[in-house]
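Written out below as structure tokens is the structure these notes cover.
The values are calculated or read from the model by the stated rules, or taken from the named source; none is laboratory data. Computed from a predicted model, the values in this text were never measured in an experiment. Glycine gets a Cβ as well: all are built from the backbone with ideal geometry, and neighbour counts include every protein chain shown. Heavy atoms of the whole protein, side chains included, go into the accessibility calculation; ligands, DNA and RNA do not. Shrake-Rupley method; radii C 1.70, N 1.55, O 1.52, S 1.80 Å.
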Amino acid sequence: MQTFAPFAKPMYVMLKPVGSLCNLDCHYCYYLEKSNLYSEYKNKIMTEQLLEKFVEEYLNSQTQREVMFTWHGGETLMRPISFYKKALEFQKKYANGRQIDNSLQTNGTLLTDEWCIFLKENNFLVGVSTDGGQEFHDEYRRDKSGAPTFHKVIKGINLLKKHGVEYNCLAVVNDFNADYPVDFYNFFKSIDCRFIQFSPIVERISNHASGLKLSLPEEEAELSDMSVSPTQWGKFLCGIFDEWIKEDVGKFYVQFFDSTLANWMGQSPGLCTLAKHCGHAGVMEFNGDVYSCDHYVFPEYKLGNLNTSTLTSMMYSEKQLKFGTDKYDKLPTQCKNCDVLFACHGECPKNRFLTTADGEPGLNYLCKGWKMFYHHVTPYMDFMKKELLNERPPANVMEWARERRKKK
């Protein structure tokens, strides 16, 4: 009988079944250019043979009973339903007593009734990439011909709702929409999206021999115009939090707020960017190449290839373990002495390209914004922590916040 280690840290490897292939051409996409790494490949799609090898190894390398498969892109729906049916067959073949869940990220424009029936029948959690209302979304999220995509995405979301598919939204925060946090948040409420994730755009441009233009944090590079500023980011988070705290706690779930509360409680935040260490979540390309992280698909961070190395040997290699511990170990002194270090842990290493007041490298570009947010929410997080420790619902914070406002 298969036994599992209940407290061992799980290993995640995100799958890219079509690599960077996508039917859209979003201006800020950090992944489209990764096709330059694989120019020698005519067909940038994962074979069934490699898919089966991954499923078998991925399942056999797990230490917990529950296993999550995450399908990402490019655009995942550019592979047919038959590909995912085959994946489910392989999962069943190699499950060996494990509980398997699947999540799939999509831009939503290719969703059909047939897709939604399949996703519902097989309990896929679907993440839809959308940047808010039409004005915000269409600013940067365009198709290959430059046409807007908002209405196609909304049509896809409505199909998910029609068929009862569980979904959430992933919204990119950029230089444009960051100035309208309340309008942005209210859009997601208007479509009754109960689970919302935000991803700030922080990208820098340089030139590599590989053909890549996006840069690593240790390189000299110029910040892209679409990047959100630190002040914008702080005001954005504070603005949405102030709306959420009024009446939405326990009704609408914002990933950053949940992860912040987890850190306040001294628990694992469930979001790698806000955790003390990272490195347990890699990514595998369509050809079997495995990289340290989805944001580190650069030759310098390639761990190997599934055709010649095992997932375990790559994900638990000294190189990958160091990648994970460097998240804390390489923080500058200013960060290690910060009063909110416990809440942000220096955020994502890819954004640490500034120097501190003392000239030490490794300061996060968004530091000012994160501090603004954490200092703003401190009394509310303290209250929710107290409620949880006393086995009361954290949603009690809404009434407390209303009374607090009256006294001001």
Of Asn396, Ile100, Val283, which is farthest towards the positive pole of the chain's charge dipole, taken about the Cα centre with +1 and -1 on the beta-carbons of Lys, Arg and Asp, Glu respectively?
Asn396
Roughly to the nearest percent, how much of the accessible area of the chain is carbon and sulfur, given a 1.4 Å probe?
51
So what J values fall out for segment 335-345 if you push phi through Karplus, 6.51 cos²θ - 1.76 cosθ + 1.60 with θ = phi - 60°, rounded to Hz, Gly and Pro as x?
6, 5, 9, 6, 6, 10, 4, 4, 8, 10, 6
Segment Tyr316-Trp400, length gained on full extension (0.36 nm per residue, minus Cα span)
25.7 nm
Cleavage-rule hits, GluC sites (Glu not before Pro), segment 186-253, DSSP coil, Cβ neighbours within 10 Å at most 13:
Glu218, Glu219, Glu220
Rounded to the nearest 10 Å², the accessible area of Ser35 using a 1.4 Å probe with every protein chain kept is 40
Rolling a 1.4 Å sphere over the protein heavy atoms, what is the accessible area per residue of the chain, to the nearest Å²?
45
Sorted by accessible area (1.4 Å probe), largest first, how do Lys406, Lys251 line up?
Lys406, Lys251
To the nearest 10 square angstrom, what accessible area does Lys161 show with a 1.4 Å probe?
80
Within the under-12-Å Cβ sphere about Leu159, not counting Leu159, Lys/Arg +1 and Asp/Glu -1 give a net charge of +3
Show the residues, 5+ positions off or on another chain, whose built amide H is closer than 5 Å to the amide H of Val283.
Met14, Tyr291, Cys293
What is the packing order of peptides 370-378, 190-198, 39-47, taking the mean over residues of other C-beta atoms within 10 Å and listing the highest first?
370-378, 190-198, 39-47
Quick one: putting +1 on the C-beta of Lys and Arg, -1 on the C-beta of Asp and Glu, what dipole do you get for segment 110-221 around its Cα centre, in Debye to the nearest 20?
460
Place a +1 charge on the Cβ of each Lys and Arg in the chain and a -1 charge on the Cβ of each Asp and Glu, then give the dipole magnitude about the Cα centre in debye, rounded to the nearest 20.
880
Can you give the Rg and Dmax of segment 337-408 based on its C-alpha atoms, in angstrom?
16.2, 46
Quick one: Karplus J couplings for segment 254-259, per residue in order, coefficients 6.51, -1.76, 1.60, θ = phi - 60°, nearest Hz, x for Gly and Pro?
9, 3, 4, 5, 4, 5
Amide H neighbours of Gly127 at under 5 Å, excluding residues fewer than 5 places away on the same chain, with H built from the backbone geometry, are Leu104, Gln105, Thr106, Asn168
Work out how far the C-alpha atoms of segment 117-157 reach from end to end along every principal axis, then list the three figures in whole Å, largest first.
34, 20, 13
Suppose every Lys and Arg Cβ carries +1 and every Asp and Glu Cβ carries -1, with no other charges. What dipole size does segment 116-175 come out with about its Cα centre, to the nearest 20 debye?
320
Taking every DSSP bridge whose two residues both lie in the chain, the antiparallel percent to the nearest 5 is 30
Quote the relative contact order of the chain in percent (integer), defining contacts as alpha-carbon pairs under 8 Å separated by 6+ residues.
15
Once the mean of 1/r over all distinct C-alpha pairs in segment 15-83 is inverted, the Kirkwood radius in Å reads 13.6
Once amide H atoms are placed 1.01 Å from N in the peptide plane, what residues at a sequence separation of 5 or more from Phe195, or on another chain, have their amide H within under 5 Å of its amide H?
Cys169, Tyr253
How big is segment 87-222 by Rg and Dmax over its Cα atoms, in Å?
18.0, 50
Just check segment 126-200 against the gyration tensor rule for me: Cα atoms, a ≥ b ≥ c as the square roots of the eigenvalues, rounded for a/c under 1.5, and otherwise prolate or oblate depending on whether a/b exceeds b/c.
oblate
